[in-house]
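The values are calculated or read from the model by the stated rules, or taken from the named source; none is laboratory data. Given the structure is predicted, the values throughout are model-derived calculations rather than measurements. Counting neighbours? That spans all protein chains shown, and the Cβs are built from the backbone with ideal geometry, glycine included.
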């Protein structure tokens, strides 16, 4: 389980500084994002994201990364993942993508690499 504490920006206040919320687990972060309306589970393909068993495919020019969160395993630094909160105005979809990084990451097109670059 990935359980290293992750600090993330929640919103921008009037003084132009971030209000931070601390997340300890990936599952806690996912639960909060679900409450915010990120209900789709995206799968990462080489040139797009898909959800609903392939019913929807969203290409790099059709979505934006609203937020992202990094998690690293305390006992094994290679046990790491990035959680993306993603929205697409084209299909009205909001969802999450959990992706490993490092040696376990998937091969992607240049467009997808640029879009998911953090």
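Structure summary
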item: In the range 88-101, residue surrounded by the most Cβ atoms within 10 Å (Cβ to Cβ) [restricted to those that are in contact (Cβ under 8 Å) with a residue 24 or more places away in the chain and not in a loop (DSSP other than H, G, I, E, B)]; result: 95
item: Residue check, residue 49 part of a strand (DSSP E or B), touching a residue at least 12 places away in the same chain (Cβ under 8 Å), in contact with a helix residue (DSSP H, G or I) (Cβ under 7 Å, 6 or more places away or on another chain) and crowded, with 18+ Cβ neighbours inside 10 Å; result: no
item: Residue under evaluation residue 118, criteria (1) modelled with pLDDT under 85; (2) surrounded by 14 or more Cβ atoms within 10 Å (Cβ to Cβ); (3) in contact with a strand residue (DSSP E or B) (Cβ under 7 Å, 6 or more places away or on another chain), criterion not met; result: (2)
item: Subset of the range 68-87 [farther than 11 Å from residue 38 by Cα and either outside any loop (DSSP other than H, G, I, E, B) or modelled with pLDDT of 95 or more (or both)]; result: 68, 69, 70, 71, 72, 80, 81, 82, 83
item: Conditions (1) modelled with pLDDT under 80; (2) surrounded by fewer than 17 Cβ atoms within 10 Å (Cβ to Cβ); (3) assigned to a loop (DSSP other than H, G, I, E, B): number failed by residue 2; result: (2)
item: Top-ranked residue of the range 28-46 - restricted to ones that are in a loop (DSSP other than H, G, I, E, B) and surrounded by 15 or more Cβ atoms within 10 Å (Cβ to Cβ), ranked as modelled with the lowest pLDDT; result: 45
